[in-house]
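**Q** One structure coming up, written as structure tokens, with questions to follow.
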Amino acid sequence: NTKLGNKMSYRSKIVMTKIMKGQWAEFMAAAWLVTKGYLIYPKHQDNDPIDLVAVHRNTGRVLKIDVKSVSIRKTGRRKGDRINRVTSFAQKKIGVKLLYVYKDGRCDFHGKD
């Protein structure tokens, strides 16, 4: 029984790949946006500059969003700070906003709710 117990606990550990982490962040972002009154339209192809399009149910406001999993600096003078990302030229041209998703599921646009 001990061997079986160890194998089961070993198998129950989930290692998140980069792709899994990105998908999880997109799902969390979509769920958060729904609570803010948005309808969500996910991407349908890889390497798209937009991960989600969100349309507010009442105002019709449209957000073009690139979802980013938050990374925290592990060393250096700014240890513990969030690593900020920037939009690409193509994303800037079409008005894409970055939405950060933290490990605890919190979401924000550049530190703003």
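The values are calculated or read from the model by the stated rules, or taken from the named source; none is laboratory data. Keep in mind it's a predicted model, so treat the numbers as computed, not measured. Reconstructed Cβ throughout: ideal geometry from the backbone, glycine too, with neighbour counts over all protein chains shown. Heavy atoms of the whole protein, side chains included, go into the accessibility calculation; ligands, DNA and RNA do not. Shrake-Rupley method; radii C 1.70, N 1.55, O 1.52, S 1.80 Å.
**Q** Roughly speaking, to the nearest percent, how much of the stretch 16-72's 1.4 Å accessible area is carbon and sulfur?
**A** Here it works out to 57 percent.
**Q** In whole angstrom, and with the biggest value first, how far do the Cα coordinates of the stretch 12-64 range along each principal axis?
**A** Reported extents, whole Å, longest axis first: 43, 25, 11.
**Q** Turning to a different aspect of this structure: What is the sum of charges, Lys and Arg at +1 and Asp and Glu at -1, for the other residues whose Cβ falls under 11 Å from the Cβ of M28?
**A** Taking every other residue near M28 into account, the sum is +1.
**Q** Sticking with this structure for a sec: What residues have an amide H closer than 5 Å to that of L98, excluding those fewer than 5 places away on the same chain, when H is modeled at 1.01 Å from N in the peptide plane?
**A** Counting only residues 5 or more places away or on other chains, the set is D66.
**Q** So what's the net charge close to V53: Lys and Arg +1, Asp and Glu -1, counting the other residues with Cβ under 15 Å from its Cβ?
**A** On the way: positive: K36, K43, R57, R61, K64, K97; negative: E26, D48, D51, D66.
Combined, the nearby Lys, Arg, Asp and Glu give +2.
**Q** Could you rank the peptides 89-98, 15-24 by their average count of other C-beta atoms within 10 Å per residue, with the highest value first?
**A** The most tightly packed comes first, giving 89-98, 15-24.
**Q** First check a/c for the stretch 62-113, with a ≥ b ≥ c the square roots of the eigenvalues of its C-alpha gyration tensor; if it is under 1.5, answer rounded, and if not, answer prolate when a/b is larger than b/c or oblate otherwise.
**A** Note, shape of the stretch 62-113 comes out oblate.
**Q** Suppose R0 equals 25 Å; then what is the FRET efficiency for V53 and V86 from their Cβ-Cβ distance, rounded to the nearest 0.05?
**A** According to the calculation, E is roughly 0.75.
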